[in-house]
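Trainee: Provided herewith is a single structure, encoded as structure tokens, for subsequent inquiry.
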Amino acid sequence: MENIWIPFITGLTVGGFSCAAVQGGLLASVVAARQGKGAFGPTIAFLISKLVAYTFLGFLLGAFGQALSLSDQMRIVMQAVAGLYMLAVAGNLLKLHPIFHYAIIQPPKFLTRMVRKEARSSSLFAPAFLGVLTIFIPCGTTLAMETFAISTGSAFLGAATMALFTIGTMPLFVGVGVLAAMGKLFDKYFAPAAATALVFLGVSSINSSLVLSGSPFNLNGVGQTFGALAQVIRDPAGDVLGASNSVTIVNGVQNANINVLAAGYNPSLIDVKVGKPVKLNVTPQGRMGCTSVFVIPQLKMSKRLNLGETATFEFTPDKPGNIIWACGMGMYTGTIRVS
């Protein structure tokens, strides 16, 4: 999965910080109800049941996103909405304006009362049951990750997203008693760190939607502009450093071979000439995540790749400029430079 570490890091930096007041309070209360019987058992029961519940929820959300992804435009919209929601949650964490508070969806009051009532139970079943029921009382960051899981368009990637996010939150939930004593430090240090992680996720998601829509206004385009400025040095043959040398001419057709990796493409830059046919031979190499889908947004071309098979894309560029290709979520990109 692309950037698989992001949900885990988000859980470490955001999950406990923004959700401790609700879910952490439930864990603390159920542990308190078992005074004299130890805290290890109920804590582990709570965390394991929560992990199972969120993994299953992520599977369902990803499958739902996969159904929606029958429309490429729907996936683009979902990623943009996910990004905007994450930015709104970040605004709420930073208390930039009261309006951002409305971005946090509140659970029904009867569910809140039911979960809090169960928290007073002293049975070992209680923490396990609470771990499952936390899916009905999510914090703002959890909602953002759920939206992100939908935008993956894959049941297994959705499950992995929520599982890693939940695992990332575990250290903070284990230390929930210590965290409760750090209320003032939360506002001063932890909330800004959590908001920063969400801003990164949000901007990345919005940028991916721009890439997949074929918009020239995206961060990848900015990077390519600076890259072009950095490549003004030419070698003795007059070729721009960093350009692909894998293009060959066969019967008047410009052929380029692209190897697809789990985290990008080799090469990621190809030079072709305007007005001459181009044939891209795209071959998967080993494990793939979102790179299992190869998209050329500007040409409205998209194919799902299969291991052991080479997919081909044929077109004739009619004007100079850059043509971007990307993975199915717009995270990894490459450039066809037409001159």
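The values are calculated or read from the model by the stated rules, or taken from the named source; none is laboratory data. Given the structure is predicted, the values throughout are model-derived calculations rather than measurements. Virtual Cβ from ideal backbone geometry, glycine too; neighbours counted across all protein chains shown.
Trainee: Can you name the residue in region 65-79 that is among the aliphatic types (A, V, I, L, M) and surrounded by 20 or more Cβ atoms within 10 Å (Cβ to Cβ) and, of all such residues, is modelled with the lowest pLDDT?
Mentor: Ranking the qualifying residues of region 65-79, first place goes to Met78.
Trainee: Would you mind stating whether Ala163 is among the aliphatic types (A, V, I, L, M), under 30 Å from Leu57 (Cα atoms) and at pLDDT 75 or above?
Mentor: It is true that Ala163 is among the aliphatic types (A, V, I, L, M), under 30 Å from Leu57 (Cα atoms) and at pLDDT 75 or above.
Trainee: Just to be sure I understand, how many residues within region 282-330 are among the small types (Gly, Ala, Ser), in a loop (DSSP other than H, G, I, E, B) and either closer than 30 Å to Gly83 by Cβ or touching a strand residue (DSSP E or B) at 6+ places or on another chain (Cβ under 6 Å) (or both)?
Mentor: Residues meeting the conditions: 4.
Trainee: With the structure loaded, tell me whether Gly62 is crowded, with 20+ Cβ neighbours inside 10 Å, modelled with pLDDT under 70 and part of a helix (DSSP H, G or I) or whether it fails that test.
Mentor: So Gly62 does not fit the description; no.
Trainee: A further question follows. Any idea which residue in region 265-281 is surrounded by the most Cβ atoms within 10 Å (Cβ to Cβ), counting only those that are part of a strand (DSSP E or B) and among the charged types (D, E, K, R)?
Mentor: Residue satisfying both the conditions and the ranking: Asp271.
Trainee: Give Gly242, Gly202, Gly177, Gly221 a once-over and let me know the one that is at pLDDT 60 or above and of a type in the set (Gly, Ala, Ser).
Mentor: Testing whether each residue is at pLDDT 60 or above and of a type in the set (Gly, Ala, Ser) leaves just Gly202.
Trainee: Let me spell it out: the conditions are (1) of a type outside the set (D, E, K, R); (2) over 26 Å from Ser204 (Cβ atoms); (3) modelled with pLDDT of 85 or more, and Ala237 meets all of them except one. Which number is the exception?
Mentor: All conditions are met except number (3).
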